Number of protein chains: 2
Amino acid sequence: MRKLVTIVAVSVILLGIASTAQHLRAQSTAAADDKAAIRALYTDWNNAFMKKDVDKIMSFYAPDMFAFDAVPPREYPTWAAYKKDFQTFLGMFPGPITSTINELNITVVGTVAYTRSIGDGTYGNADGTKAHMVVRITDVLRKSAGKWRIVQEHVSFPVDPTTGKADMLSKP
Amino acid sequence: MRKLVTIVAVSVILLGIASTAQHLRAQSTAAADDKAAIRALYTDWNNAFMKKDVDKIMSFYAPDMFAFDAVPPREYPTWAAYKKDFQTFLGMFPGPITSTINELNITVVGTVAYTRSIGDGTYGNADGTKAHMVVRITDVLRKSAGKWRIVQEHVSFPVDPTTGKADMLSKP
């Protein structure tokens, strides 16, 4: 009887260790998959941005999202407000847009992720000239029903506080 | 024997329900406690900021933090760089500082939290005049050893992209 108890106890411990190891392996694989999914989201976002496809762009944001954008007003408290912001902004540039997302850094913690990146874009003006702008981007994403969506975004230029002038082409 | 099995099965189910309910209660209490702790962090941060106590300010940031600040350069990739940024910025204003953190919105998900807020401050210049600045703030915080610390910060002014001029007193 004592032997049986020992065997059962040891088995339970071994099962526990195996289960924990498997759990940790599964977690680390999941985190790698999540990072890949989020990286793909930024690639898709950037392609939609260059195509000026606002509906596609907005598909990457959660319905209850909030944004501080590079441009006024101070805050875009709803998905609809942010959609209008993209329409207005992209409407300013009738020419082609080129854009790259650089220095993308992704941290995943379960069903939450946060990122930072640099958006480097050229925007075709009506007269054929191009505007060049570099922005800093911070995002928070949540995973829901297997899909990652941006829930909070902050885009900006650094500003000289003594002159109020932004550096539209900021460097590290 | 069948009766015993039924009793054991029902007991296990009831224990499971009780344990889940207790777990959910504990989680919700923990989230409320975490929100209160993070709210207190912002109060303490703001008091330290008004006192120009850079060491105290920096105690609210994790050692591996990263920041996009309102002022150039583009990024502050280390704790040490951000400390120097606070020293430089606060050094610009020999007069008193008043500051409030408004519209603070906190979301806690386990050991990660993200916030947004508006920092409204007046900064005493050497000639007795005051500079007034309103910034948008996004933070990501992580809980480690029971303490919440800011791991990623983004502070900015909205900027008119056609003029490159920041709105230093932006309104919602």
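With each label point set 7 Å from Cα along the Cα-Cβ vector, what nm distance links B:Asn47 and B:Ala30?
Spacing of the two 7 Å Cα→Cβ label points: 2.8 nm.
Run lengths n ≥ 4 of DSSP H only: what is the helix-derived mean residue ellipticity at 222 nm for chain A, with -39500 (n - 2.57) per run over all residues, to the nearest 500?
Rounded to the nearest 500, the figure is -13500 deg cm²/dmol.
If you put a point 7 Å past Cα along the Cβ direction, how far is that point for B:Ser28 from the same point in each other copy, in nm, smallest first?
3.7
Is there a pair in B:Lys56/B:Lys171; B:Lys130/B:Lys165; A:Lys143/B:Lys83; A:Lys35/B:Lys143; A:Lys165/B:Lys130; A:Lys84/B:Lys171 whose C-alpha atoms are over 27 Å apart, and which pairs would that be?
B:Lys56/B:Lys171; A:Lys143/B:Lys83
Determine the shielding of peptide A:98-110 by partner chains: average, over its residues, the number of Cβ atoms on other chains within 10 angstrom of each Cβ. Walk me through the numbers before you get to the answer.
Numbers: counts 0, 0, 0, 0, 0, 3, 0, 2, 0, 5, 1, 6, 4.
For this peptide, the per-residue mean of nearby foreign Cβ atoms is 2.
Taking the axis about which chain B rotates onto chain A, which residue of B lies nearest it as judged by Cβ position, and how many whole Å separate them?
Whole-Å result, nearest residue of chain B to the axis: B:Ser156, 2.
Can you tell me the FRET efficiency between A:Phe89 and B:Met168 if r is taken as the Cβ-Cβ distance and R0 is 30 Å, rounded to the nearest 0.05?
0.90
Can you give the convex hull volume of the alpha carbon atoms of the protein assembly as shown per residue, in Å³?
Each residue corresponds to 167 Å³ of Cα convex hull volume.
For a test of the definition: using alpha carbon positions, the gyration tensor, and the 1.5 limit on a/c, classify chain B as rounded, prolate or oblate. Show your work: numbers first, answer last.
Working: a/c = 3.16, a/b = 2.84, b/c = 1.11.
Here chain B falls in the prolate category.
If Lys and Arg each add +1 and Asp and Glu each add -1, what is the summed charge of the other residues whose beta carbon sits under 14 Å from the beta carbon of B:Pro77?
Result for the neighbourhood of B:Pro77: 0.
Name the aspartates and glutamates eligible as straight-distance cross-link partners of A:Lys51: C-alpha to C-alpha under 18 Å, and not fewer than 8 places from it in the same chain.
Partners found: A:Asp85, A:Asp120.
In percent, how large is the relative contact order of the stretch A:2-166, given Cα pairs closer than 8 Å and 6 or more residues apart?
Dividing the mean separation by the residue count of the stretch A:2-166 yields 19 percent.
What translational D, rounded to a whole number of µm²/s, comes out for the stretch B:112-172 from Stokes-Einstein when the hydrodynamic radius is the Kirkwood one over Cα pairs, at 37 °C and 0.692 mPa s? Numbers along the way, then the final one.
Numbers: Rh = 13.8 Å.
For the chosen part, D equals 238 µm²/s.
If we hang a label 7 Å off Cα along the beta carbon direction at B:Ala126, how far is it from the matching labels on the other copies, in nm, shortest first?
Reported distances to equivalent positions: 4.6 nm.
For B:Asn105 and B:Asp64, FRET efficiency with R0 = 35 Å and r from the beta-carbon atoms, rounded to 0.05?
For R0 = 35 Å, the calculated efficiency reads 0.90.
All of the numbers you see were taken from the coordinates with simple rules; none came from a lab. Model, not experiment: these values are computed from the prediction. Counting neighbours? That spans all protein chains shown, and the Cβs are built from the backbone with ideal geometry, glycine included.
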